[in-house]
Amino acid sequence: ALRAWRALGCRDGGRLDIRLDAAGTPNFIEANPLAGLNPGHSDLPFICRFKGISFDELIRRIVASALALHTAGHQPARDVFEVKPVNKVLIIHNDVSDESPADARDILDQIRYVTEALHAEGYQTSLLAIDLNLDAAKRRLQAEKADVVFNLVEAIDDSGQLVPIATALLDHLCIPYTGACTEALILTSNKILTKQWLRLHDIATPDWWDPDTPSPVAPAPGRWITKPLYEDASIGMDDGYRQALSGTVAA
């Protein structure tokens, strides 16, 4: 897991999915470099809780890690979580409405929990929804003058493929932010590209087949894991989608 995390250029905190193959060898399945932060049901807060790390401490460490990376030229000392004082944190997130799917509206709960945790640490906070109006976002980011941006952008214009746009804008403005850098988001947002990259680093990951790409060899009969190419986890994958694959691929 650590080898895959580092090979993908991920940072701060996130989640990697690993499964054992028939021979008992760990295989990389998927990376989520911006894991959900809802303490009620998100995996990363659950894992931290089992390790004795409270939600407030998790949020503090994420902010401190981001600042350590920024101040140390992206080469922080190992396990350094004490850095210069931070007064203001700007939380950026994807724009959602009452018409958005339930999984998208979960970001509203995450914003509330993260804001409460930041306030408990003494930080001032403000919010900014990121959409395709990048000129307006740029002006607001410059006006906020935040010490660090807490990145909760899971999609832009309801597309996970556009997530790197937010961090690319922050890179352009030289504003420190939490979570994966733009390059890591580009790499991990495409599951096939991720698996190809990890194969180059000699990290085991199952063979794959993309039903939307012409291939001389169809997948062999048996059980397959199906996932959307550009979205986190298995969003949109239900029995109807599985059946639409004409029975060739089984979830």
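Overview of results
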quantity	calculated
Rg in Å to one decimal, and Dmax rounded to a whole Å, for the stretch 8-64 via C-alpha atoms	13.1, 40
Rg [Å, one decimal], Dmax [Å, integer] - the stretch 77-190, C-alpha atoms	14.2, 44
Those lysines that a straight Cα-Cα span of less than 30 Å connects to Lys138, excepting residues fewer than 8 apart in one chain	Lys84, Lys88, Lys191
Surface share of carbon and sulfur [accessible, 1.4 angstrom probe, percent] for the stretch 85-167	46 percent
Potential extension, Arg199-Asp135 segment - 0.36 nm per residue separation minus Cα distance	19.2 nm
Order by protection proxy (mean Cβ within 10 Å, highest first), peptides 156-167, 117-128	156-167, 117-128
Highest to lowest packing among 5-14, 131-140, 101-110, scored as the average C-beta count within 10 Å	5-14, 101-110, 131-140
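The values are calculated or read from the model by the stated rules, or taken from the named source; none is laboratory data. These numbers come from a predicted model, not from an experiment. Because the Cβ atoms are built from the backbone with ideal geometry, glycine has one as well, and the counts that use them run over all protein chains shown. Areas reflect the complete protein model, heavy atoms only, side chains present, ligands, DNA and RNA absent. Shrake-Rupley method; radii C 1.70, N 1.55, O 1.52, S 1.80 Å.
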